[in-house]
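The values are calculated or read from the model by the stated rules, or taken from the named source; none is laboratory data. Bear in mind the structure is a predicted one, so any value in this text is a computation, not a measurement. Here the Cβ positions follow ideal geometry from the backbone for every residue, glycine too, while neighbour counts run over all protein chains shown.
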Ligand code: C2E
Ligand code: CA
Ligand code: CA
Ligand code: CA
């Protein structure tokens, strides 16, 4: 990194130094946003494909920036990973979700699972994961429902260490899900070696479901395999009724996506669930 910086200066690469400055500025603002609680959360419902009722939610972080509007986690989570800010963000997310979901009175009924995203940097740090687990258990209303989602590629660095971290989570009652399943190179090895409670089929497969027989075959095989291991299967990125129908026919357990419900603030989630019950 130091050499890159030097090169950039030597060759008067203005765009490089400008980019680095913008990044530094953004890190400063992110630190301030964390300190001032400018981060908030939204909730995306997960539907049971048998009953078509909301049975869980995924918590997604949002940064409401004073002048730039909402900044996507795809932009600031990588930044947070590089600057050791992910555990602070996780704690904010847990505290916020505990407060809002507790007040709304929807934990347990109908919500069976509350899924949190944990980034690779945090997951691979055993001390940070222990701290996060303890923090989650300080929220007794919420903790029985917590499920942690890790992107498939995140667990790769050290399989044995990952196994240990997952075992510790599960021993404390937290369930474990592999996000973006099928996009990494080790999907099968992971199923062989890790005790996973859930997998989420990446939305790239779901997007091709209607028009590509091979995607359908792959999803079918993932579902069959997961079932034989007693692993719960969630399809993400469902955007059409047709995709939903096919997933139901294939025996997928749960689905999530814009067609069923977008990420929304707590007030809308409560309404969404109430409407769902009337239907
Ligand atoms: P992800 O965990 O794979 O989350 C799914 C992303 O897809 C979300 O974007 C969601 O809004 C979007 N999405 C949901 N349904 C649909 C659909 O039907 N079609 C399409 N095209 N997109 C859909 P979001 O909220 O911008 O989050 C992006 C990523 O940022 C997440 O990907 C996750 O990896 C990360 N992230 C979000 N919240 C957190 C957090 O609290 N902590 C950490 N460490 N990472 C987070
Ligand atoms: Ca996720
Ligand atoms: Ca995903
Ligand atoms: Ca993702």
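Quick notes on this structure:
- Among the residues making up region 38-71, those that are closer than 16 Å to residue 26 by Cβ and at pLDDT 95 or above are 39, 61, 62, 63.
- A Cβ distance below 7 Å, combined with a sequence gap of six or more or placement on separate chains, defines the contacts here; from region 168-185, residues that are on the phi < 0 side of the Ramachandran plot and away from ligand 2 (no atom under 12 Å from the Cβ) reach residues that are in a loop (DSSP other than H, G, I, E, B) and at pLDDT below 90 in the pairs 170/195.
- Selection within region 217-243 - part of a helix (DSSP H, G or I) and touching a residue at least 40 places away in the same chain (Cβ under 8 Å): 222
Condition check ((1) in contact (Cβ under 8 Å) with a residue 24 or more places away in the chain; (2) more than 16 Å from ligand 2 (Cβ to nearest atom)) across all residues:
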position	(1), (2)
49	yes, yes
57	yes, no
67	no, yes
70	no, yes
77	yes, no
95	yes, yes
98	yes, yes
119	yes, no
133	yes, yes
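- Check on residue 199, within 19 Å of the chain's Cα centre (by Cα), more than 16 Å from ligand 2 (Cβ to nearest atom) and surrounded by 15 or more Cβ atoms within 10 Å (Cβ to Cβ): no
- Selection count, region 202-214, where residues are surrounded by 19 or more Cβ atoms within 10 Å (Cβ to Cβ) and away from ligand 4 (no atom under 16 Å from the Cβ): 1
- With respect to (1) away from ligand 4 (no atom under 15 Å from the Cβ); (2) modelled with pLDDT under 95; (3) within 25 Å of residue 116 (Cα to Cα); (4) exposed (fewer than 14 other Cβ atoms within 10 Å of the Cβ), the lone exception for residue 194 is condition (4).
- Some residue of region 182-190 being modelled with pLDDT of 95 or more and either touching a helix residue (DSSP H, G or I) at 6+ places or on another chain (Cβ under 8 Å) or within 16 Å of ligand 3 (Cβ to nearest atom) (or both): no
- Conditions (1) surrounded by fewer than 16 Cβ atoms within 10 Å (Cβ to Cβ); (2) touching a residue at least 24 places away in the same chain (Cβ under 8 Å); (3) touching a strand residue (DSSP E or B) at 6+ places or on another chain (Cβ under 7 Å): number failed by residue 81: (3)
- From the list 88, 104, 121, the one residue that fits, being more than 16 Å from ligand 3 (Cβ to nearest atom), modelled with pLDDT under 95 and touching a helix residue (DSSP H, G or I) at 6+ places or on another chain (Cβ under 7 Å), is 121.
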